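Below is one structure, written out as structure tokens; comments come after it.
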Amino acid sequence: MLDQHVLVLNCGSSSLKFAILDAQSGDELITGLAECLISEDARLKYSYQGQKQTESLIANASHQQAITRLVDIIKANKLERSLIAVGHRVVHGGEHFTQSVVITEHVKQVIADTISLAPLHNPANLVGIEAAEKAFDTLPQVAVFDTAFHQTMPKHAYLYALPYELYQQHGVRRYGFHGTSHHYVAKQAATVLQQPFETLALISAHLGNGCSVTAIKNGVSVDTSMGLTPLEGVVMGTRSGDIDPGLFNFLTQQLGYSAVKIDTLLNKQSGLLGLSKLSNDCRTIEDAHLAGNAQASLALEVFCYRLAKQIAAYVVPLGTLDGLIFTGGIGENSQLIRQKVIDSLNFFGFKLNEQANSQARFGQSGVITSNQTGPQALVIPTNEEWMIARDAAALALEVI
Ligand code: AMP
């Protein structure tokens, strides 16, 4: 069997994550990150053949310049020879894309037309696409959308109760994000549970710096906690999650806040950071909680309560439950948060296996409950890069 190596590019607003991996095995050849782009400290870190390297990029390096350097590294190590495709993570596909697609001029135009819904991310994604097209002009380029998996949500789940024209004329609706991750871990969970994916009722909790919860029924997303933007839903590292929209009026009228200040408050200063007054990093908060810091304990209580409430709500679209999946940096590593959430959801019949829960960290996956009947809780490390590589390889092999 020929190598099916795929270059995966994930352009964030000021970062570029990359990897070359085998679409069949998931084995990684090279992985890395260009960070602090468009700042003095722009740098590139990568790991190749067990060696970790960090190099400074020129001050204020752009995504384009980071990609140019990445291409040099790839070519210097002759890694381009086994590539069969480039897979791009694209944050927002609006209502246009229900699955991954080979990138054409039309696809790029639609991504550009969707910039109003993801003003920080879609432009960076387009830069990544155009740079990769130039550097690897014979390879198929594939877009994998963070929103695509959630396009199966029914209308009653994705509409806001707002004047309908806002949806019709401006696309104001719930889209959901982290779709690639939810899809990947749900499929893995079906393998662990030894049941066909298409027959299961699953809830997946992706808990990283951004957090979202998705209800998956018979293989498709039927509801998810993020909305028009990734701000809606459960409490996150620095994002508030759900709030009363009346807060906007209070902050503008009573405290004189501008729209920009409110946006910063809700996206960058809230969540675990705002509540704990300490950090957005869950490890720091857990350590402070164990050391008796009451503010840290409060942040964890709010985080877990709101998360458990969101999970319980998804019994409505699912009607039943076979598995609850924890993933993302917190979901994969925090024994404490999993235990608190499962304890609050005892009515489902979960019986936590404390030993399995304490062992499930640092990339270990498995079932962490021991009840004989009813749903199981699982820890499944996410692997968005592999999912992107698999989609890109499958589409590339169709067009080659
Ligand atoms: P991600 O965005 O998926 O990389 O996840 C980042 C989050 O995972 C941060 O809040 C980290 O503090 C959290 N995290 C990573 N390792 C641990 C751990 N061992 N215990 C608790 N939280 C962790």
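See the values below:
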item: Cα gyration tensor category, rounded, prolate or oblate, for region 156-287 with a/c compared to 1.5; result: oblate
item: Helix runs (DSSP H) in the chain reaching 24 Å along axis by Cα, Kyte-Doolittle at least -1.0; result: 294-313
item: Principal axis dimensions, region 1-97 - Cα atoms, whole angstrom, descending; result: 45, 41, 18
item: Taking only Cα atoms of region 361-400, radius of gyration then Dmax in Å; result: 16.3, 49
item: Sorted by Cβ density within 10 Å, fewest first, the residues Arg283, Arg306, Arg390; result: Arg283, Arg306, Arg390
item: Cβ-based exposure ranking for Ile67, Ile285, Ile30, in which fewest neighbours within 10 Å come first; result: Ile30, Ile67, Ile285
item: Loop trypsin sites (Lys or Arg not before Pro), region 1-93, which have at most 12 other Cβ atoms in a 10 Å radius of their Cβ (DSSP); result: Lys78
item: Only Lys, Arg (+1) and Asp, Glu (-1) charged, at Cβ; the chain dipole about Cα centre in debye; result: 520 debye
item: R0 of 45 Å, Cβ-Cβ distance Thr31-Leu255: FRET efficiency to nearest 0.05; result: 0.55
item: Spatially proximal lysines relative to Lys187 (Cα-Cα < 18 Å; intrachain offsets below 8 disregarded); result: Lys217
item: GNM flexibility winner over the chain from Ala291, Ala34, Ala308 (Cα, springs under 10 Å); result: Ala291
item: Share, in percent, of DSSP beta bridges within the chain that are antiparallel, nearest 5; result: 70 percent
item: Diffusion coefficient, µm² s⁻¹, Stokes-Einstein with Kirkwood Rh over alpha-carbon pairs of region 51-210 at 25 °C and 0.890 mPa s; result: 135 µm²/s
item: Computed log₁₀ I(q)/I(0) - Debye formula, equal Cα scatterers, no solvent, the chain, q 0.13, 0.15 Å⁻¹; result: -1.20, -1.53
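The numbers here are math on the coordinates, done by the rules we state, and not lab data. These numbers were taken from a predicted model, which means no experiment stands behind them. A quick note on method: Cβ atoms are made from the backbone with ideal geometry, for glycine too, and the neighbour counts reach across all protein chains shown.
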